[in-house]
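The structure appears right after this line, and notes come after that.
The values are calculated or read from the model by the stated rules, or taken from the named source; none is laboratory data. For clarity, every value in this text was computed on a predicted model and none was experimentally measured. So basically every Cβ, Gly included, is an ideal-geometry build from the backbone, and we count neighbours across all protein chains shown.
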């Protein structure tokens, strides 16, 4: 006897921007969480679901209630009002009933209903080999497991999707059994049959061929779920959509086990800008980069600078030839306007830079060089010369700005006239004291700790007077930074709020060991603003000093 619909099924499913003609489905919180190194707390999952809802995806798969205590808690807290979704429907993921168990008696199926999620995605074996060897049941019992579970959930007011696990591999082995699984699910009331490339071994032309064949054989609504083991998950997903799939499952930033899943942002960007499918609410596409990076922070993974559409470097141009064309028309070397996806174009200043690169980069930093051709020439020459010595301005915009301003000042002063500067360095000295190791009690026994302190003294000239300042720090760079700012702060109070937030050292090739040339990148901050400067020298302290001096020059000039 069929049970009556469950009136506690939760909020109604909201239509996607295309009505119900296309589903953009996210599984970051379940499949994406299987990536090595990711461990979401319930609070993380609630925050991530909110971000995905801001993007405007149609469905958010929250996890596997009943199988994972954390996921059970997530759905409970969501149902109790801790997650208010504006456009997405929350989805619970789970398996069909077990072989030989009545669907009403299966605790896993009951947990799916108890989650109160309005949509349930069931996973089922669609490869005959998995049915017989992994499930250890008969093909007919597997079909009954699918049909019984779908019908039971639909009778309780749930909308049901079916993930056909290992579909493509199974289709290559037996082209009929997977279709029978789809048929069992749809006849029982499932809305979508999702074809899963579970092992991630398919290529786009294979995906497209199978999707077309299945659509022709069944007429059912077909979805796609791709892993990235061949590096083709995004291409495979788009190939399936091109073939007629109207439901695409993805994860934020391609998170997932092994090589990952189809990247939600790459798929979405292409669906909207290349296939003209408005799968997001109006105005939401511009939020892609922000949300991608926010989700990366929740996963505790650094954003991928080279990620399609949303990486900070994907609209960066290094070659002078590119910059020359971009100066005429940015669309000549950008496949779309970066602003459409919340990104921006960047001109990188390197040894490859030409005049156009320098002009565009300066303009990006708010410096107009259009009427200063001599300054452009001088900057191009200086950059090329310094790059050959190991300097790099790609990640050091502030040092580039200081260089340009120095050349502008030199041009304004005229030949042979000293370049005006807010301060001049006379000398600096650093002393590092290492004390004898001291035994300190710890939980796992006694450890030796050595307290090392550094003291720096700097001598500078500013506003016509000589200033000497001394400061201590937890290392030579910290001491130098403190001493230099102390010497200049009375003349430039803005420096009181400047602090060192990052410090990177790289040994450059060509020499070995301690005689090698070192490149130092220093990142400083004032309020919400951050900037990076560079210094290069065989002595790491001198390289650090050069970067620190540029940092304070930039801070003074930007104030």
Check off (1) touching a strand residue (DSSP E or B) at 6+ places or on another chain (Cβ under 8 Å); (2) modelled with pLDDT of 90 or more; (3) more than 22 Å from residue 47 (Cβ to Cβ) for residue 272 and give me the number that stays unchecked. (1)
May I ask you to verify whether residue 494 is outside any loop (DSSP other than H, G, I, E, B) and surrounded by 19 or more Cβ atoms within 10 Å (Cβ to Cβ)? no
Taking only the stretch 542-555 into account, find how many residues are more than 15 Å from residue 500 (Cα to Cα) and either in the same structural domain as residue 386 (by TED's automatic domain parsing) or buried (at least 19 other Cβ atoms within 10 Å of the Cβ) (or both). 1
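Out of curiosity, is residue 86 in a loop (DSSP other than H, G, I, E, B) and modelled with pLDDT of 95 or more?
Taking the combined requirement at face value, the residue does not satisfy it.
Look through 24, 29 and report the one residue that is assigned to a strand (DSSP E or B), touching a helix residue (DSSP H, G or I) at 6+ places or on another chain (Cβ under 8 Å), at pLDDT 95 or above and surrounded by 24 or more Cβ atoms within 10 Å (Cβ to Cβ).
Being assigned to a strand (DSSP E or B), touching a helix residue (DSSP H, G or I) at 6+ places or on another chain (Cβ under 8 Å), at pLDDT 95 or above and surrounded by 24 or more Cβ atoms within 10 Å (Cβ to Cβ) holds for just one of 24, 29, which is 24.
If only one of 477, 446, 432 is part of a strand (DSSP E or B) and at pLDDT 80 or above, which one is it?
Matching residue, one of 477, 446, 432: 432.
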Quick one: what pairs do we get from the stretch 63-84, first residue at positive phi, second surrounded by 15 or more Cβ atoms within 10 Å (Cβ to Cβ), C-beta under 6 Å, 6+ apart or different chains? 63/29; 63/30; 63/71; 63/74; 66/108; 66/111
Could you tell me whether residue 467 is within 27 Å of residue 391 (Cα to Cα), touching a helix residue (DSSP H, G or I) at 6+ places or on another chain (Cβ under 6 Å) and part of a strand (DSSP E or B)? no
Being closer than 24 Å to residue 124 by Cα, in contact with a helix residue (DSSP H, G or I) (Cβ under 7 Å, 6 or more places away or on another chain) and in a loop (DSSP other than H, G, I, E, B) narrows it down to one of 66, 62, so name that one. 66
Unmet criterion (only one of (1) closer than 30 Å to residue 143 by Cβ; (2) at pLDDT below 90; (3) crowded, with 19+ Cβ neighbours inside 10 Å) for residue 68: (3)
Can you confirm whether residue 323 is closer than 19 Å to residue 396 by Cα, crowded, with 18+ Cβ neighbours inside 10 Å and modelled with pLDDT under 65? yes
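Go through the stretch 539-557 and count every residue that is free of Cβ contacts under 8 Å to residues at least 60 places away in the same chain and out of contact with any strand residue (DSSP E or B) (no Cβ under 7 Å at 6 or more places or on another chain).
2
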Here is a list: 153, 182, 143, 135. Which entry is modelled with pLDDT under 95 and over 34 Å from the mean Cα position of the chain (by Cα)? 135
What do you reckon, is residue 213 surrounded by fewer than 20 Cβ atoms within 10 Å (Cβ to Cβ), modelled with pLDDT of 95 or more, within 36 Å of the chain's Cα centre (by Cα) and assigned by TED's automatic domain parsing to the domain that holds residue 93? yes
Based on what the data block shows, is residue 260 crowded, with 24+ Cβ neighbours inside 10 Å, in the same structural domain as residue 132 (by TED's automatic domain parsing), in contact (Cβ under 8 Å) with a residue 12 or more places away in the chain and within 27 Å of residue 296 (Cβ to Cβ)? no
